[in-house]
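Remarks on the structure that follows.
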Amino acid sequence: MTIKKPMLSVQDACDFLLNAVRPITAIERVPTLQANGRVLAQDQASQLDVPPMDNTQMDGYAVRAADCVSGEAVLAVSQRIPAGHVGLPLAAGTVARIFTGALIPQGADAVVMQEQCEADETGSRVTVRTSPQAGEWIRRAGEDIKSGSVILSAGTRLRAQELGLAASVGLADLPVFRKCRVAVFFTGDELTMPGEPLKPGAIYNSNRFMLRGLLEQLGCEVTDLGNVPDTLEATRDALRRAASGHDLIVTSGGVSVGEEDHIKPAVEAEGRLNMWQIALKPGKPLAFGEITCTDQRDAFFIGLPGNPVSSFVTFLLFVRPFILKLQGAVVSPPRRYMVRADFSWAKPDRRNEFLRVRFNDEGGVSLFPNQSSAVLTSTVWGDGLLDNPPGQAIAPGDLVRFIPFNELLA
């Protein structure tokens, strides 16, 4: 008698996948302007102070604070210092007209904002109507970054702000791990491409567009092998072709237990199946394994369900962190926020459910009325996923765990 193995929990399945990752180690240098979305391979340190010298935070007048103690000091304007120019030493009893970002002249120890000053008609003299403190409105050299300090750590997935930080210390290029090479294909004789006639029983292949978009957002090099016929031999052939030259194979469909579901036996024939079925709704039939290669290390394989919402949810929960770690990124679990449920969920599943919800005008979350795994509309309508534990009923007013899509799609 065959003993059926219990399904893995979502957390156990995620841990299993991440523990199996063999990260990419090949490093390449790319221009900082082209490094958006790439994963940094080595720590980056600054070779200079930022700012490099004391400068002003705003337009105004550079002064000696001791000259302005009266709160009504009338002083001569001795020079004008725009950003990018170096002024002369400031003589006692004078001020320097200065503009945001300009270097503080020697002798000045404060800046007075122009709104607190009144210049005469000629602009040669100014009344300072405040008593500034030494250091006021001055950015000190190195107050943002000290020379020699690490500004970006290896494993950082570079975003616009990291690129700006790298540029601020003069880094023209950056060492990054090479891109993850992913092959995708889709099983199902019913699948039709948009633009082609839709025959009886056929559907348009939405998963192809969705999964390619998700992979490209993660910075992967994607090879699309298209639709594969629903036969064991065609599926095995596609796996062999997909494995060559790729780190990962992602498929959609054919992972259940029907007579036309060939992914599981094909993976077992061409490599090994390490994980199958998760206590998750939507997305129970998720397969993970490796496909044997003769010209490289074996390619990882992840087979996603065919229903579009199931494919979307399992990609976000499992494939995304797997790819990030494969690319060398530091992976953290998505943040969950406690929010108020403004709906009733009286018949929970025994599996961990991920419901599509969005915020309403009252500050709680509303439930999309149709939670079917085939209703892709819910993923466009929603703001994120409600992580509902197995068997947990929900009543209006209950606090529930919410994962915003920006935690799962960034």
Report task. Name the strands (runs of 3 or more DSSP E) wholly inside the stretch 352-398 in which the number of residues that are of a type outside the set (Asp, Glu) and under 25 Å from the mean Cα position of the chain (by Cα) is 2 or more. Result -> 352-359, 384-388
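Here is a list: Asp43, Asp67. Which entry is assigned by TED's automatic domain parsing to the domain that holds Val150, over 20 Å from Glu143 (Cβ atoms) and acidic (Asp, Glu)?
Details: Asp67 fails: assigned by TED's automatic domain parsing to the domain that holds Val150.
Testing whether each residue is assigned by TED's automatic domain parsing to the domain that holds Val150, over 20 Å from Glu143 (Cβ atoms) and acidic (Asp, Glu) leaves just Asp43.
Conditions (1) in contact (Cβ under 8 Å) with a residue 60 or more places away in the chain; (2) closer than 23 Å to Leu376 by Cα; (3) touching a Leu at 6+ places or on another chain (Cβ under 6 Å); (4) in a strand (DSSP E or B), marked per residue:
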| position | (1), (2), (3), (4) |
| --- | --- |
| Arg272 | no, no, no, yes |
| Cys293 | no, no, no, no |
| Phe315 | yes, yes, yes, no |
| Arg320 | yes, yes, no, no |
| Val330 | yes, no, no, no |
| Arg335 | yes, no, no, no |
**Report entry** Sole exception among (1) in contact with a helix residue (DSSP H, G or I) (Cβ under 8 Å, 6 or more places away or on another chain); (2) on the phi > 0 side of the Ramachandran plot for Gly219, by number
**Finding:** (1)
Report task. Taking Ala234 as the residue in question, decide whether it is over 26 Å from Thr377 (Cβ atoms) and surrounded by fewer than 17 Cβ atoms within 10 Å (Cβ to Cβ). Result -> yes
Report task. Looking only at the stretch 195-206, decide whether some residue is small (Gly, Ala, Ser), touching a helix residue (DSSP H, G or I) at 6+ places or on another chain (Cβ under 8 Å) and either closer than 30 Å to Gln57 by Cβ or in contact (Cβ under 8 Å) with a residue 12 or more places away in the chain (or both). Result -> yes
**Report entry** Number of the condition not met by Ser310 [criteria: (1) surrounded by fewer than 24 Cβ atoms within 10 Å (Cβ to Cβ); (2) modelled with pLDDT of 95 or more]
**Finding:** (1)
Requested in this report: Starting from the stretch 348-361, keep only residues that are buried (at least 20 other Cβ atoms within 10 Å of the Cβ), then list their pairs with residues that are of a type in the set (Phe, Trp, Tyr) whose Cβ atoms are within a distance under 9 Å, requiring at least 6 positions of separation or different chains.
Outcome: Glu353/Trp345; Leu355/Trp345; Leu355/Phe368; Arg356/Phe368; Arg356/Trp381; Val357/Phe343; Val357/Phe368; Val357/Phe402
Query raised in the report: If you check Val176, Val126, which single one turns out to be under 30 Å from Ala73 (Cβ atoms) and among the aliphatic types (A, V, I, L, M)?
Result: Val126
Query - Test set (1) touching a residue at least 40 places away in the same chain (Cβ under 8 Å); (2) assigned to a loop (DSSP other than H, G, I, E, B); (3) surrounded by fewer than 24 Cβ atoms within 10 Å (Cβ to Cβ); (4) within 22 Å of the chain's Cα centre (by Cα) - Lys325 fails condition number - result: (2)
Report task. Answer yes or no: is there a residue in the stretch 255-269 that is polar (S, T, N, Q), closer than 19 Å to Lys179 by Cα and surrounded by fewer than 19 Cβ atoms within 10 Å (Cβ to Cβ). Result -> no
Query - Lone qualifier among Arg139, Arg159, Arg236 - being touching a Ser or Thr at 6+ places or on another chain (Cβ under 8 Å), basic (Lys, Arg) and modelled with pLDDT of 95 or more - result: Arg139
Report task. Return the residue satisfying two criteria in turn: it lies in the stretch 1-28 and is of a type in the set (Val, Ile, Thr) and assigned to a loop (DSSP other than H, G, I, E, B), and of such residues it is modelled with the lowest pLDDT. Result -> Thr2
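With the condition kept exactly as written, say whether any residue in the stretch 249-257 is over 32 Å from the mean Cα position of the chain (by Cα) and at pLDDT below 95. Steps first, please.
Narrowing the stretch 249-257 to residues over 32 Å from the mean Cα position of the chain (by Cα): 257.
Retained after the next criterion (residues that are at pLDDT below 95): 257.
Yes, some residue in the stretch 249-257 is over 32 Å from the mean Cα position of the chain (by Cα) and at pLDDT below 95.
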Report task. May I ask you to list pairs of residues, at least six apart or on different chains, whose Cβ atoms are under 6 Å apart, with the first in the stretch 362-375 being over 19 Å from Tyr204 (Cβ atoms) and the second being among the basic types (Lys, Arg) and crowded, with 18+ Cβ neighbours inside 10 Å? Result -> Phe368/Arg356
Query raised in the report: Just wondering, is there one or more residues in the stretch 36-55 that are surrounded by 14 or more Cβ atoms within 10 Å (Cβ to Cβ), in a helix (DSSP H, G or I) and in contact with a helix residue (DSSP H, G or I) (Cβ under 9 Å, 6 or more places away or on another chain)?
Result: no
Requested in this report: Could you tell me which residue of the stretch 152-174 is surrounded by the most Cβ atoms within 10 Å (Cβ to Cβ), considering only residues that are more than 19 Å from the chain's Cα centre (by Cα) and not acidic (Asp, Glu)?
Outcome: Val169
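The values are calculated or read from the model by the stated rules, or taken from the named source; none is laboratory data. The model shown is predicted, which means the values in this text are computed figures rather than measured ones. All Cβ positions, even for glycine, are placed from backbone atoms using ideal geometry, and neighbour counts span all protein chains on display.
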